[in-house]
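Okay, structure first, notes after.
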Amino acid sequence: MFSNFDFDVIRRSLGYLFFDGMTFTLTLTALSAVGGLMFGTLLALMRLSGLKLLSRIAGLYVDLMRSLPLVLVIFWFYFLVPYIGQWLTGASRPIKVGAFASSLITFIMFEAAYFSEIMRAGIQSISRGQPAAASALGLTYSQSMRYIVLPQAFRNMLPVLLTQTIVLFQDTSLVYVLSIPDFLGAASKVAQRDGRLVEMYLFAAVVYFVISCVASYGVRRLQARIAIVR
Amino acid sequence: MNYNWNWGIFWQPSPNGTGNYLDMLLSGLVLTIETALLAWIIALVLGTIVGVMRTLPSKTASTIGFCYVEFFRNIPLLVQLFLWFFVLPELLPRDAGMWLKQMPNAPFWTASIGVGLFMSVRVAEQLRAGIGSLPRGQKMAATALGLTTTQAYRYVLLPIAFRVILPPLTSEFLSTIKNTSVAITIGLIELTGQARAMQEFSFQVFEAFTAATVLYLLINIVVVIGMRFLERQVAIPGYISGK
């Protein structure tokens, strides 16, 4: 079964897999998580705001994103971003957007919907007395959000946010559909070049497995630690 | 925006010669639904078994359940599909491998089983949480009444646990439908795949994707309404969301 297993193809391509592929995957994951969290928090605030129109818009956006498959959203943005860029910059033709920028925008917009639901739950978990006390102290809405509500909501939801980031890390492999060399894309390129599908895909699976396992173990540890604080 | 909108494109004949572009998208929709339903059945059956195993007192059973969950949860779905589609036939004995490779509709079966296994973990985790949320007294009372462990699960724990987790199961079912689109990478031309094909043939990118989006939204609405109906049907009066 493993008799003609060629470990050397993995060793030869390690540099390409990790320096090019994994760097792309991890950078995309980190930036999308940060961007998605910021945009998602904004969506959560809109959704919880007293203004009917704002909460309606945020609700529609979140529901739309959550009912579409990520693959379709990746295609949508891949073709849409050049036109949005043209509209924003006033250029005469659709602008050229690189693979990284395009997938980053996609993941920020897509993950924002999921992060916003987590942040919404986090904000709602803060007892009503806290913003009330804040406004009694004379803090404005934005001050009470910035200094009182959001820091606590963020801390309470940290394990869930990190778990979602692990899911995001796995989901970035879907940029494969645009032939972008992320970690899986790089592995697949080597696999097809050298005709070594078995070795490369098994190796990719092991790498994803180890990283996700270690990360989710870390999240569980963190959860156990901050569970005592509350 | 200098994009040529042409909403009439859906009624133009498609190059694969089986009707117009709308037929193409609808055939994709049917394939999406078929794949998702088969995957969902697999996910429910395996998820129930593994979810129950993780709550059993037996150490072995819960360890096996734990390993199963960790394996399928920590590898991206796309990589799992590649493993089933490209790697598995090579690792099997020659004859079995050839049989797998030459199987008609291989992408459909691979996608259904692959997505089903991937989602079974999510079902298992929901069910474990559902069983865990039941008061401990239920299991004890069942035992005190002389029910065996199997009977206690069959008649006491599972009927309630499934009712508790029905709302999260709805979203897992929706995820199953959405996840079938990942199978585009192993050559399953479902709804997203057909939209992509239509875009490549006709160059009407946004019409194709808008149509796919609308169809996905429709599936979502139908599922949500159907599951709400089911929730009302199975609700126990005076318990949980029962009236």
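For the range A:20-122, trypsin sites (Lys or Arg not before Pro) meeting the loop criterion (DSSP other than H, G, I, E, B) and having at most 14 other Cβ atoms within 10 Å: A:LYS96. Principal-axis analysis of the Cα atoms of chain A puts helix A:52-67 at an angle of about 20° to the longest axis. Rounded to the nearest 20 debye, the dipole magnitude of the range A:7-229 is 480 debye, with +1 charges on Lys and Arg beta carbons, -1 on Asp and Glu beta carbons, and the Cα centre as origin. What residue among B:LEU100, B:LEU25, B:LEU92 shows peak mean-square fluctuation when chain B is described by a Gaussian network model with Cα springs under 10 Å? Answer for the Gaussian network model of chain B: B:LEU92. Between the amide H of B:ASN20 and those of B:SER14, distances stay under 5 Å, these residues lying 5 or more places away or on another chain, with hydrogens modeled in the peptide plane. Contact order, relative form, for the range B:18-234: 31 percent (alpha carbon pairs under 8 Å, 6 or more residues apart, mean separation divided by residue count). Electrostatic bookkeeping for B:LEU217 treats Lys and Arg as +1 and Asp and Glu as -1; over the other residues with beta carbon under 13 Å from its beta carbon, the sum is +1. Each Lys and Arg adds +1 at its Cβ and each Asp and Glu adds -1 at its Cβ; summed about the Cα centre, chain B shows a dipole of about 1120 debye. Distance between the modelled labels on B:LEU230 and B:GLN102, one decimal in nanometres: 3.9 nm (7 Å Cα→Cβ projection). Scanning chain B for long hydrophobic helices, with DSSP H runs required to stretch 15 angstrom or more by C-alpha along their axis and to average at least 0.0 on the Kyte-Doolittle scale, returns B:21-55, B:59-73, B:106-133, B:166-179, B:205-234. With 10 Å bins beginning at zero, the pair-distance distribution over Cα atoms of chain A amounts to 7, 25, 29, 22, 12, 4, 1, 0 %. Computed from backbone phi, the HN-Hα couplings of the range A:103-109 come to 6, 5, 4, 4, 5, 4, 5 Hz, rounded to whole numbers (Karplus: 6.51 cos²θ - 1.76 cosθ + 1.60, θ = phi - 60°; Gly and Pro given as x). Structure remark: mean-square fluctuation, Gaussian network model of chain B, C-alpha springs under 10 Å; the largest value among B:ALA183, B:ALA141, B:ALA211 belongs to B:ALA141.
Think of it as helices only: each DSSP H run of n ≥ 4 in chain B is worth -39500 (n - 2.57), and spread over all residues that comes to -23000 deg cm²/dmol at 222 nm.
A simple count of charges around B:ALA43, restricted to other residues whose Cβ falls under 11 Å of its Cβ and scoring Lys, Arg +1 and Asp, Glu -1, yields 0.
Over the range B:1-143, what relative contact order in percent results from Cα pairs under 8 Å that are six or more residues apart? It rounds to 33 percent for the range B:1-143. Seen from A:MET119, the other residues with C-beta closer than 15 Å to its C-beta sum to a net charge of +3, counting Lys and Arg as +1 and Asp and Glu as -1.
Helix A:23-48 and the long axis of chain A differ in direction by around 20°, with both axes built from C-alpha atoms. Dividing the C-alpha radius of gyration of the protein assembly as shown by 2.2 N^0.38 Å, with N its residue count, gives 1.05. When A:VAL62, A:VAL214 are arranged by Cβ crowding within 10 Å, least crowded first, meaning fewest neighbours, the order is A:VAL214, A:VAL62. Compared with the dominant Cα axis of chain A, that is its longest principal axis, helix A:183-194 is turned about 10°. Given the options B:MET198, B:MET227, B:MET98, state which has the largest fluctuation in a GNM of chain B using a 10 Å cut-off (strictly under) for Cα springs. Result for chain B, Cα springs under 10 Å: B:MET98 fluctuates most.
The 3J(HN,Hα) values that the Karplus relation (6.51, -1.76, 1.60; θ = phi - 60°) gives for the range B:85-91 are, in residue order, 7, 9, 8, 3, x, 6, 7 Hz. Gly and Pro appear as x. Let me know the whole percent of all Cα-Cα pairs from chain B that are separated by more than 29 Å. When every Cα pair of chain B is considered, 43 percent fall beyond 29 Å. In plain terms, the chain from A:LEU88 to A:LEU48 could stretch by 11.5 nm, reckoned as 0.36 nm per residue minus the Cα-Cα distance.
Where a number appears in this text, it was derived from the coordinates with a stated rule and is not lab data. Source: prediction; values computed, not measured. Here Cβ is always computed from backbone atoms with ideal geometry, including for glycine, and neighbour counts include all displayed protein chains.
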